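A quick write-up on the structure given underneath.
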């Protein structure tokens, strides 16, 4: 009987030793696999970490460079076959964190976005008309072309260069009758072309009226030494408000004139000044 008891005890001891060895081998394999995977991963390969496994319970200790590396290392351990749990005792290396921050490139500063160019209402546009206009021959609704005689600047920079093409319209044209009535001519600008792009504009009308028997509501002023020839004045609207015409020194009378037959006539190349009645917004870079 004693012999059988001794045999059973021996078998139990051998079985316990075998199971212990098996668990030990398994834990050792878990440790090796986690360390190998951590060394191969770009996020964790620089970590100074020890891995210990006991009965499948993995303990991580040491230092990692940042929180992302810490999380990645914990993920590797949890996903390892045979792992029963993970105790993450690692800490973030403050020295490595400072170096990472110091080496990080400074955020690029955004360049300020260019702003649109706004030509304010009231800005004067002095143009030279490309064709003759008159109260007798022009028709209401007729379009005429002109070129900008003087550049327009905003904030010290040229917004509309001299030579820019503008389009206008004959707001009204009425020939003077032989016996009674009055000759009328009213003009306005409607668009401007800048660097190949056309923009709608709004200006006040320039009006001139001639009444019967040669009575004029516009006064003609000329002279080479004058800063300009003005017929009636620069208008914002209304009959008799006038057509403004600017001339250079020594150029003599240029612009709208009242002819012998008492019609309002504006020769080609006359210089007229209009005023914007609404702001003109141009895109950046114009």
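Collect the residues in the range 49-94 that are over 20 Å from residue 27 (Cβ atoms) and touching a residue at least 12 places away in the same chain (Cβ under 8 Å), keeping them in residue-number order. Outline the logic, then answer.
Initial filter on the range 49-94 (over 20 Å from residue 27 (Cβ atoms)): 63-72, 91-94.
Within the range 49-94, 63, 64, 65, 66, 67, 68, 69, 70, 72, 91, 92, 93 meet the criteria.
Across the range 262-286, what is the number of residues that are touching a helix residue (DSSP H, G or I) at 6+ places or on another chain (Cβ under 9 Å) and under 16 Å from residue 167 (Cα atoms)? First the steps, then the outcome.
Filtering the range 262-286 for residues touching a helix residue (DSSP H, G or I) at 6+ places or on another chain (Cβ under 9 Å) gives 262.
Now narrow it down to the ones that are under 16 Å from residue 167 (Cα atoms): none.
Final tally of qualifying residues: 0.
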Count - residues of the range 54-70 that are at pLDDT below 90 and either surrounded by 14 or more Cβ atoms within 10 Å (Cβ to Cβ) or not assigned by TED's automatic domain parsing to the domain that holds residue 28 (or both): 11
Residue among 59, 44, 83 that is in contact with a strand residue (DSSP E or B) (Cβ under 6 Å, 6 or more places away or on another chain) and in a loop (DSSP other than H, G, I, E, B): 83
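The values are calculated or read from the model by the stated rules, or taken from the named source; none is laboratory data. For clarity, every value in this text was computed on a predicted model and none was experimentally measured. No Cβ is skipped: glycine too gets one built from the backbone with ideal geometry, and neighbour counts run over all protein chains shown.
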